[in-house]
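Notes follow the structure.
The values are calculated or read from the model by the stated rules, or taken from the named source; none is laboratory data. Since this is a predicted model, take the numbers as computed values, not measurements. Here the Cβ positions follow ideal geometry from the backbone for every residue, glycine too, while neighbour counts run over all protein chains shown.
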Amino acid sequence: MRIRTLDAAMVLRYRCLLIDHDDTAVDSTSAVHYPAHLEALRELRPGRTPPTREQWLLRNFHGIMDYLEGDLGMTQAELVREMEIWRSWTGTHVPPFFPGFLDLLADYRSHGGLVAVISHSEAGVIERHYRAQVPPFAPDLIFGWEQEAGKRKPSPWPVQEALRRFGCPAAEALVVDDLKPGVVMARAAGVDFAAAGWSHQVAEIEKYMKAHASAYCARIEDLRALVLTPKPARA
């Protein structure tokens, strides 16, 4: 992460950022999640034609458990094995952060912003990704897959709990995510939503996000312009 010269004449449009991790902060589908699923299919569904990367993104967009339990018909034992394979990949691979994302978080925090991560990855894995950076960055809160089912995204609970701990009203918070569960969660919690359009360009996902997001950010620079705004000139 490069060191930036901060502009003191900036204000925060939102006091709290509630950010997704996979394919929002880090490029993890290509580096971790897609190859992990291909390995699981080779073991659990040998002979089945695997999804393309775009098809895999769409499966995640609509809900990964619907795909695993519905489309693939995985038993409970197979789901456990799928999770074991996934954890073997997440435990040994650190995906790269998208260029400029950590700079944005550092600048946002330097102006008093609060950062919570709400993800389907596990909190320990997310922490490891942030600690591996130079310099490291530590989100203020992390809500991951280790939460019980009713408290995981798309449940509004992680947003509500983060805002409760921060003492931040919903009107001063922004959810940033690349997939539909983030939209559903933000809507249920009454919080603005920004779509992370920089990580993948899948037409169905892009169309949905543009229709349902408060803002569509095709680049990280677009998110920067959304959350960090110049102070108005004095009269």
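Data overview
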| item | result |
| --- | --- |
| The range 31-45 residues that are assigned to a helix (DSSP H, G or I), paired with ones that are small (Gly, Ala, Ser) and surrounded by fewer than 18 Cβ atoms within 10 Å (Cβ to Cβ) (beta carbon under 8 Å, 6 or more apart) | ALA36/SER88 |
| Residues of the range 181-216 that turn out to be under 17 Å from LEU57 (Cβ atoms), surrounded by fewer than 18 Cβ atoms within 10 Å (Cβ to Cβ) and either basic (Lys, Arg) or in contact with a Pro (Cβ under 6 Å, 6 or more places away or on another chain) (or both), as a count | 2 |
| Residue identified as within 19 Å of LEU179 (Cβ to Cβ) and at pLDDT 95 or above among ALA116, ALA106 | ALA116 |
| Looking only at the range 118-159, and only at residues there that are part of a loop (DSSP other than H, G, I, E, B) and small (Gly, Ala, Ser), the one that is surrounded by the most Cβ atoms within 10 Å (Cβ to Cβ) | SER119 |
| ALA218 at pLDDT 95 or above, among the small types (Gly, Ala, Ser), more than 27 Å from MET65 (Cα to Cα) and touching a Gly at 6+ places or on another chain (Cβ under 6 Å) | yes |
